[in-house]
1. Summarise the long-distance tail of P(r) for the chain by giving the % of C-alpha pairs beyond 19 Å.
2. With n ≥ 4 as the cut-off for DSSP H runs, can you work out [θ] at 222 nm for the chain, using -39500 (n - 2.57) per run divided by the number of residues, rounded to the nearest 500?
3. Y48's amide H: which non-local residues (gap 5+, or another chain) put their own amide H closer than 5 Å, with H modeled 1.01 Å from N in plane and none for Pro or chain starts?
4. With every protein chain kept in place and ligands, DNA and RNA left out, what is the accessible area per residue of the chain? Probe 1.4 Å, answer in Å².
Amino acid sequence: TGLPEGFSDLIVLANKTIYFVEVKTRTGKQREAQKKFQTIVTQHGYNYIIARSVEDCEVILNGVL
């Protein structure tokens, strides 16, 4: 797709803010490339979220949208 290894599953743009969202199952674990991507994203001041359910997304995004 042209995206770097470890790039988040979703990108949410809301209220002039970018949220990188990684979708995981309840027991799913981040790969090392995903952890590295999270570090880079957060070091640049962006938001990185691991969502493990639809409810997680709703809680997170209701405060945003």
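1. Distances greater than 19 Å cover 30 percent of the Cα pairs.
2. Working: 2 runs with 21 residues, N = 65.
My calculation for the chain gives -9500 deg cm²/dmol from helical runs alone.
3. Here the answer is F20, since their amide H atoms fall under 5 Å of that of Y48.
4. Values: 4790 Å² over 65 residues.
On a per-residue basis, the chain sits at 74 Å².
The values are calculated or read from the model by the stated rules, or taken from the named source; none is laboratory data. Note that this is a predicted model, so its numbers are computed, not measured. The area values use the complete protein model at the heavy-atom level, side chains included, leaving out ligands, DNA and RNA. Shrake-Rupley method; radii C 1.70, N 1.55, O 1.52, S 1.80 Å.
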